[in-house]
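Take a look at the structure below.
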Amino acid sequence: MAATRQHHTSPETAALDYDVIIIGAGLSGMYQLHRLREIGLKARIFETGTDVGGTWYWNRYPGARFDSESYSYGYSFSKELLQEWEWSEHFAGQPETLRYCNYVADKFDLRRDIQFESRVTAAIYQGDTRSWEITLASGARSTCRFLVTAVGPLSTPTLPRIEGRDDFAGQSFHTARWPKEKVHFAGKRVAVIGTGATGIQTIQTIACEVGHLTVFQRTANWAAPLHNGKIDAETQRRIKAGYGEIFARCKETFACFVHTPDPRGAFEVSDAEREAFYEKLYGERGFGIWQGNFRDILIDRKANATISDFVARKIRERVKDPDVAEKLIPKNHGFGTRRLPLETFYYEVYNRDNVELVDLVATPIERITRDGIRTSEKDYAFDIIIYATGFDAITGSFDKIDVRGANGARLRDKWQHGPETYLGLMVDGFPNMMMLMGPHTALGNIPRSIEYSVDWVTGLIRFAIDNELTFLDATPEGTAGWTDHVKALGVGLLSNEVDSWMTGINRNVEGKQTRIVARYSGSAPAYRERCDAVAARGYDELRME
């Protein structure tokens, strides 16, 4: 489609507070600020927290760590940074990752353009000046030409809708709002509600510290071994010498990990070969068993059954009590069709005398009491309750902000039946607003996707500045076309037949009980090719003035 473009220099430009305002000082926001500075723009980040890091600032719960290889996760834009920083483990823990974020902020002097403890409550487009007005919780307001959201796909925690939650007299925390001070578990009766990725990491970490641990599980999740380990000096040397190859590998793989699907189908090999392949993957580090498995395990039920049966057998081997093992084996979805948690001796936790598993399907929670938790079967007394109940994913962080585009249109209204985007980066009717890691963009190994999206957005803003353009907007046709494309890519994926955050389901959030296609499920190389083509043609699919 042809672009509408004419030069338009607004006399109000000089009166704006900033060229660009960025919401969020996580990995996306930090890199976006750095890139905007490089092209000479005045930019400001507003961040709710007291420091940088985003996900790694908020998620301080015990056991929080990468499931991407550390050396494939860090920023790739600075060769100097790559040589200076040394990851101590193949999959770094939260404290080390937060130190990394702070190191980056210090090295590139980012904090002088970041305003902390500044939660954005509203972002309103001003049609007469072609600008955005940003309002903070404090009531302070700022204006900018371009708005970039860097709010993260998993950054808005949700608590379960259970009666009496505020009645509990002990300590209680959501994993994503963990206190900065140390939590003492020794001798304590502890409950963990939820067995997703954060629940698994927390459970396996605290089980040996607590007096007694009760795990409340509604939905069993498949999990596979992380096989983490320290990085020795020789491996460190090889990593630093091989960063070019590592990032080239990430760029060519389906989801930007160092793993990519095996070209064979599960039934193109003998039973013995298939079993040996699964054993090999189960014994290797990281996401290989999910991202490097047979090409058809996520689209063919029979193929998926082979890996599901294999991992179920592993769980039965690792958990001594057969009844507990069966409760830990998912019955409502196949292996890898939900986001796969990686674990370190998680299943062995249930062999401990001080750990109990409660099946919430059989005995649901009726309420939180002053002393603990009441199920349909009995009352449990606790000193600490941990809510590992996940996030209002992908669109939740946008819903918390009153975002209004042209003519006062609300973003949450436009997305009430599911997100609609252009390339996952823009939304028609919301001019001069770009999204990093929003709906319908390539996720995967997040920092790899972040760097690409930031570079694309920076290129678009630079194009606008160079051409004296003050109005950039997706077209309704472009948005509809990309949204339809994303939906079409999801057809046939077993994951889109499962309730999970990846399909927009959250039982604890009103209005999010219907599955949607909330994420781009094609390959990262195909995504970049499409976006690169738009840029190469001078962004001719946008309305520009």
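The table for this structure:
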{"quantity": "Scope region 185-206; condition under 18 Å from I373 (Cβ atoms) and within 26 Å of the chain's Cα centre (by Cα); matching residues", "calculated": "A191, V192, I193, G194, T195, G199, T202, I203, I206"}
{"quantity": "Test: residue in region 447-456 that is crowded, with 24+ Cβ neighbours inside 10 Å, outside any loop (DSSP other than H, G, I, E, B) and among the aromatic types (F, W, Y)", "calculated": "no"}
{"quantity": "Candidates L98, L110, filtered to the one that is under 22 Å from the mean Cα position of the chain (by Cα) and farther than 19 Å from I239 by Cα", "calculated": "L98"}
{"quantity": "Region 368-384, residues that are open to solvent by less than 30 Å² (accessible area, probe 1.4 Å) and assigned to a strand (DSSP E or B)", "calculated": "I368, G372, I373, T375, Y380, I384"}
{"quantity": "Residue within region 341-353 that is open to solvent by less than 70 Å² (accessible area, probe 1.4 Å), within 18 Å of V269 (Cβ to Cβ) and either part of a loop (DSSP other than H, G, I, E, B) or charged (D, E, K, R) (or both) present", "calculated": "no"}
{"quantity": "Check on I365, modelled with pLDDT of 95 or more, touching a Ser or Thr at 6+ places or on another chain (Cβ under 7 Å) and either open to solvent by less than 30 Å² (accessible area, probe 1.4 Å) or closer than 30 Å to R145 by Cβ (or both)", "calculated": "no"}
{"quantity": "Those residues of region 385-401 which are surrounded by 21 or more Cβ atoms within 10 Å (Cβ to Cβ) and not in a helix (DSSP H, G or I), in sequence order", "calculated": "I385, I386, Y387, A388, T389, G390, F391, D392, A393, I394, T395"}
{"quantity": "Residue that is least open to solvent (accessible area, probe 1.4 Å) [pool: residues in region 402-437 that are polar (S, T, N, Q) and farther than 22 Å from Y527 by Cβ]", "calculated": "N432"}
{"quantity": "Subset tally (residues that are assigned to a helix (DSSP H, G or I) and in contact (Cβ under 8 Å) with a residue 60 or more places away in the chain) for region 220-248", "calculated": "6"}
{"quantity": "Restricting region 32-77 to residues that are hydroxyl-bearing (S, T, Y) and not in a loop (DSSP other than H, G, I, E, B), the residue that is modelled with the lowest pLDDT", "calculated": "T55"}
{"quantity": "Filtered residues of region 464-486 (kept if of a type in the set (D, E, K, R) and not in a helix (DSSP H, G or I))", "calculated": "E468, D473"}
{"quantity": "Qualifying residue in region 62-84 (condition: within 16 Å of the chain's Cα centre (by Cα), more than 26 Å from K251 (Cβ to Cβ) and touching a residue at least 24 places away in the same chain (Cβ under 8 Å))", "calculated": "yes"}
{"quantity": "For A223: the one exception among (1) in contact with a helix residue (DSSP H, G or I) (Cβ under 8 Å, 6 or more places away or on another chain); (2) open to solvent by less than 20 Å² (accessible area, probe 1.4 Å); (3) more than 22 Å from S70 (Cα to Cα)", "calculated": "(3)"}
{"quantity": "Near pairs, Cβ below 6 angstrom, 6+ apart or cross-chain, from region 453-482 (under 25 Å from A524 (Cα atoms)) to any residue that is assigned to a helix (DSSP H, G or I) and open to solvent by 40 Å² or more (accessible area, probe 1.4 Å)", "calculated": "V454/R35; T458/R35"}
{"quantity": "Of residues in region 118-154 being modelled with pLDDT under 95 and in contact with a strand residue (DSSP E or B) (Cβ under 7 Å, 6 or more places away or on another chain), the one most open to solvent (accessible area, probe 1.4 Å)", "calculated": "L154"}
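For (1) touching a residue at least 24 places away in the same chain (Cβ under 8 Å); (2) hydrophobic (A, V, I, L, M, F, W, C); (3) open to solvent by less than 30 Å² (accessible area, probe 1.4 Å); (4) assigned to a helix (DSSP H, G or I), each residue gets a yes or a no:
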| position | (1), (2), (3), (4) |
| --- | --- |
| C256 | yes, yes, yes, no |
| F267 | yes, yes, no, no |
| K280 | no, no, no, yes |
| N304 | yes, no, yes, yes |
| R316 | no, no, no, yes |
| R338 | yes, no, no, no |
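The values are calculated or read from the model by the stated rules, or taken from the named source; none is laboratory data. Remember, it's a predicted structure, so these values are computed and weren't measured experimentally. With ideal geometry, Cβ positions are generated from the backbone for all residues, glycine too; neighbour counts draw on all protein chains shown. Side chains are part of the model used for accessible areas, which takes the heavy atoms of the whole protein and leaves out ligands, DNA and RNA. Shrake-Rupley method; radii C 1.70, N 1.55, O 1.52, S 1.80 Å.
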